[in-house]
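Coordinate-derived values only; no laboratory data. Note that this is a predicted model, so its numbers are computed, not measured. We place every Cβ from the backbone using ideal geometry, glycine too, and count neighbours over all the protein chains shown.
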Amino acid sequence: MAKDSSKVWSAFSLVSALAAASVAKKTLNTGWRAATGKNPPANPADPDVELWEAVLWATASGAAVQLARMFAARRAAGYYLRSTGHLPPELRADDQRADKAPAPTT
């Protein structure tokens with residue numbers, strides 16, 4: 001069962017990440033057009049694209065897509081948790097809590 005649920009999680013997380021990235025990209029493109037009055041740069045590395053525009057587009061699009069993917073993964077994990085009663089193996093606690101950390105050794 002664990003192996004099957006891992007496959008389900010992999011497929012589910014992939015689909016949610018792709019959908020979120022697509023929605024983020026469309027939203028960002030629309031916002032860019034509204035703010036600048038022109039289409040976003042098709043290729044920010046093109047020397048004909050102004051540097052400020054390339055940097056702003058790369059920063060905004062990278063951040064928007066990653067944030068959308070993260071939020072989608074969190075929603076998918078919540079749905080998975082409610083459906084199966086546990087988190088997928090990739091998302092189980094990783095002992096980052098400070099109160100659970102071992103005492104520093106000097």
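Listing for the model above:
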| read-out | value |
| --- | --- |
| Protection proxy ranking, peptides 50-61, 11-22, 26-37, average beta carbon neighbours within 10 Å, highest first | 11-22, 50-61, 26-37 |
| Simple spin-label estimate for Thr30 and His86 in nanometres, 7 Å along Cα-Cβ | 4.1 |
| Summed side-chain charge close to Asn43 - residues other than Asn43 whose Cβ falls under 14 Å, Lys, Arg +1, Asp, Glu -1 | -4 |
| Cα shape, the stretch 2-90, gyration tensor, a/c 1.5 rule | prolate |
